[in-house]
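First the structure, in the form of structure tokens, and then the observations on it.
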Amino acid sequence: MTKHIKDSNDDQRFQEEGGGISFHNEDKDAIRALIVVLDVKSSKSQENTGAGSRSIESSIQEIQGLAAAIELDIIHTEVVSLKAVIPATFMGTGKAADIKTIVHDNDVEVVIADAPLSPGQQRNLEKLWNCKVLDRTGLILEIFGRRAQTREGRLQVQLAHLAYQKSRLVRSWTHLERQRGGGGTVGGPGETQKESDRRDLQTGIQKLEKQLEKVKKTRGLHRKSRQKVPYPIVALVGYTNAGKSTLFNKVTSGDVMAEDMLFATLDPTMRSLTLPHGRKVILSDTVGFISNLPTQLVASFRATLEEVLSADLIIHVRDIAHADSDIQRDDVLTVLADLGVPQGRFNEMLEAWNKADLLDQESLVEKQNIAERSQKTVVLSSLTGEGIDDLLAHIEHGLAKNDNLVYLELDTTRGADIAWLYQNGEVLQRIDAEDGKTVQFEVRFAYSKLNVASQKFDTALIDSDEFDSNTSNSEGGEGEVAA
């Protein structure tokens with residue numbers, strides 16, 4: 001049975017919902033999908049392929065995993081090797097005709113292309129194959145649309161969908177140039193359907209941006225309320241399916257969805273964690289990254305990922321058993337840099353080499369030896385618990401290195417400022433002057449509080465050699481707060 005592209009007025013299995021394409025299956029049978037992995041060999045066109053410098057086997061596994069994440073029935077995977085990208089259809093006419101035959105013979109309903117297709121390429125391939133075509137970006141957006149649970153997450157996905165569709169106008173193919181009559185008393189040809197659709201999309205984008213701005217302000221208030229509690233924030237980042245959520249649940253007894261599935265977690269989750277020596281921290285689980293992450297998603301999720309920017313310590317969770325673990329590491333660092341994480345923070349980052357239980361003994365010993373030499377790497381298994389204690393010890397050490405000592409002298413009349421020190425830092429020593437007019441403090445601040453404290457007490461800062469720790473009335477950080 002030959003499939004055809006249905007107009008937006010048809011009773012279609014591919015229905016538009018929430019600003020994105022949603023697969024609607026009335027008979028509840030899995031949608032039959034064909035995967036096309038586009039492997040461009042030309043170095044000049046390297047940026048156009050989803051394969052990048054990965055092995056072709058790894059690229060196939062990843063795109064199959066993405067398709068499986070929305071429960072598509074993958075009936076075939078075709079690898080297309082190209083020397084250069086063809087502007088009209090990405091691939092040559094011969095190979096495109098071969099795929100058309102596969103689509104026709106197997107009743108394929110959607111073709112997944114593991115590459116970023118231009119609007120024109122996507123439209124031309126849909127006409128040629130008579131079925132829906134999704135590129136890598138469209139597939140990832142579809143997954144995000146299904147997985148987002150919080151209101152903020154759904155708004156972010158919808159915004160990304162609209163930004164993606166704006167250049168494509170996915171809901172229409174054949175009627176885009178129809179013109180509507182002019183309104184009012186002035187005649188004229190009116191606007192084309194394409195112009196109307198684009199205007200509607202732009203209106204939707206502006207509406208979502210306003211809603212997200214309100215959510216962003218609310219999240220900012222929540223962040224400020226957390227900053228009032230002197231607990232450092234530790235953020236887990238990493239490639240999708242690296243095991244962040246499993247690790248998160250292991251150390252916090254949380255209930256975050258953790259499955260062997262790409263993008264199992266989209267909405268950030270935070271839990272308190274008590275380290276071995278009693279120090280409390282807030283652990284944050286964030287969305288996983290992936291190669292060629294759509295720019296629309298990076299922009300839309302920027303507010304959510306700001307938790308990473310404000311974190312006192314970043315832990316990069318890696319699937320060390322994956323063949324492309326090093327390449328995945330580079331992808332994560334690229335996204336973090338795009339988010340605005342300073343290069344200097346990469347040097348402070350801890351690496352948790354996860355899934356050690358999947359390594360053979362020889363590889364495990366090799367990784368452990370490398371980790372011991374680096375002093376910023378832990379080999380562990382979030383599934384079995386191996387190496388978890390070592391990770392917690394590294395977190396304590398990493399936070400201690402990020403803690404910053406500040407010495408300052410305040411008039412005793414500044415009771416509110418003195419109270420702020422106790423609320424936002426760890427007062428190690430307090431020294432009251434004999435005349436009772438001034439008081440000196442030695443305070444340790446977490447990374448996220450240091451700049452605030454430095455600006456707030458700019459004129460009160462003193463050098464450590466000015467701090468009179470030998471004064472007889474010195475008292476510890478648990479002393480009374482001056483009124």
- Query: Among 377-388, 88-99, how do they line up from the highest to the lowest mean number of other beta-carbon atoms within 10 Å?
  - Reply: 377-388, 88-99
- Message: Could you tell me how many cubic angstrom of Cα convex hull volume the stretch 303-423 has per residue?
- Response: 149
- Query: Packing-wise, with mean Cβ within 10 Å as the measure, how do 30-38, 414-422 rank, highest first?
  - Reply: 30-38, 414-422
- Using mean Cβ contacts within 10 Å as the protection proxy, how do 115-121, 281-287 order, highest first? 281-287, 115-121
- Translational diffusion of the stretch 403-476, µm² s⁻¹ [Kirkwood Rh, Cα pairs; Stokes-Einstein; 4 °C; 1.567 mPa s]: 106
- Query: For Lys207 and Gln455, what does the FRET efficiency come to when R0 = 30 Å and r is the distance between their Cβ atoms, rounded to the nearest 0.05?
  - Reply: 0.25
- Query: Looking at the stretch 79-158, what % of the alpha carbon pairs are farther apart than 14 Å?
  - Reply: 66
- Task: Along Cα→Cβ, 7 Å out, is where each label goes; now give me the distance between the ones at Glu348 and Ala68 in nm to one decimal.
- Result: 3.9
- Item | Cα centre as origin, Lys/Arg/Asp/Glu Cβ charges: the stretch 403-476 dipole, Debye | 400
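Values in this text are rule-based calculations from the coordinates and carry no lab data. None of the values given here were measured: they were computed from a predicted structure. Neighbour counts are summed over all protein chains in view; Cβ atoms, including those assigned to glycine, are modelled from backbone coordinates with ideal geometry.
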